[in-house]
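Have a look at the structure below before the remarks.
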Amino acid sequence: MSIKHWVSAASLLLVPALLFGEVYPQAGLETYMGPNGYLSFSPWAAVRVSTSPNSSVIFKVYRHLLNFDYVTDEGTTVTQDAQLSNFTLVYYYQKGKLDFYAAGSYLTGPVRGLSYYGAALDSGVEYKLWKFLTVTAGVYLLNENSVLWFPDQAQRNVLAYSLKSGLKIKLLAQLVFNPNVYILKNSDGVTALSYSAGLVYMPQDSVYITVYYWRYGERSDYKFAGNYLSAGLNFYF
């Protein structure tokens, strides 16, 4: 990410600080790797605005740097590269045993000389059943206009949605085990079943270190199915 991009992101994040007095910084780095040489890095920064004792609004800016290999119709392997900006607004609510969030995102950036546009809606809920066990559920919608995932095809809109359910199991005071199951489908008729299992380590209240294994199953002409690994270092204040 260039200095220009960081300056632009910082300027956007300063807006809520000027409008509201009580803000808290957040930042992190997330990475994924998997089949077809897939590799991505996503640094991000945010500010959280406390709107009440139980709720907050978060202004978040990501920079997604990703690449993967694909095989053309001629049988040649080519690397696809993309650098996308992601602007996200999150509403977060917590009271008692219940946590809820709703987020909207706008993504944009150049892909193979064309413009990528994406809009996403993401919401989820968590409920603590016992001191050591929390159940989670969520839904994710993404509308893309791009050649990102299918470089040999014409640019077009693809709508994808995902349903998620999972558990958060506290193993130790600072260690949580988090298994999840996802059902995915898009407007091209591609369906997928995915699951993940990971550990979340919190050495301090505001520091989260994550390591996840993902298994993604997909039926389509160009397969992304396979095993993925992800890791993250995030700071939430």
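A few remarks follow.
- Computed from the C-beta positions of residue 170 and residue 106 and an R0 of 41 Å, the FRET efficiency is 0.70 to the nearest 0.05.
- Theoretical gain in end-to-end length, residue 215 to residue 121 [0.36 nm per residue, Cα-Cα removed]: 31.5 nm
- With a cut-off of 9 Å between beta carbons, the residues surrounding residue 43 carry a summed charge of 0, where Lys and Arg count +1 and Asp and Glu -1.
- Restriction of the trypsin sites (Lys or Arg not before Pro) in the range 42-150 to DSSP coil positions whose beta-carbon has at most 15 other beta-carbons within 10 angstrom yields 97, 112, 131.
- Relative to the longest principal axis of the Cα atoms of the chain, helix 3-19 runs at roughly 40 degrees.
- Principal axis dimensions, the range 48-155 - Cα atoms, whole angstrom, descending: 58, 28, 19
- Stretch in the chain that is longest and holds no GluC sites (Glu not before Pro) that DSSP places in a loop and that have at most 13 other beta carbons within 10 Å: 75-237
- Computed from Cα atoms alone, the Kirkwood hydrodynamic radius reported for the chain is 19.3 Å.
- Among the trypsin sites (Lys or Arg not before Pro) in the range 138-237, those located in a DSSP loop and surrounded by at most 16 other Cβ atoms within 10 Å of their own Cβ are 219, 223.
- Per-residue ellipticity at 222 nm from helix content only, as computed over the chain with -39500 (n - 2.57) for each DSSP H run of at least four residues, stands at -2500 deg cm²/dmol.
- 11 Å beta-carbon shell around residue 98, net charge (K/R +1, D/E -1): +1
- Residue 77 paired with residue 155, simple spin-label distance in nm, labels 7 Å along Cα-to-beta-carbon: 2.9 nm
- Net charge of the neighbourhood of residue 135, taken over other residues with C-beta under 9 Å away and scored Lys/Arg +1, Asp/Glu -1, is +1.
Laboratory data are not the source of any read-out in this text; all were calculated from the coordinates shown. Computed from a predicted model, the values in this text were never measured in an experiment. Heads up, the Cβs are rebuilt from the backbone with ideal geometry, glycines too, and the neighbour counts pull from every protein chain shown.
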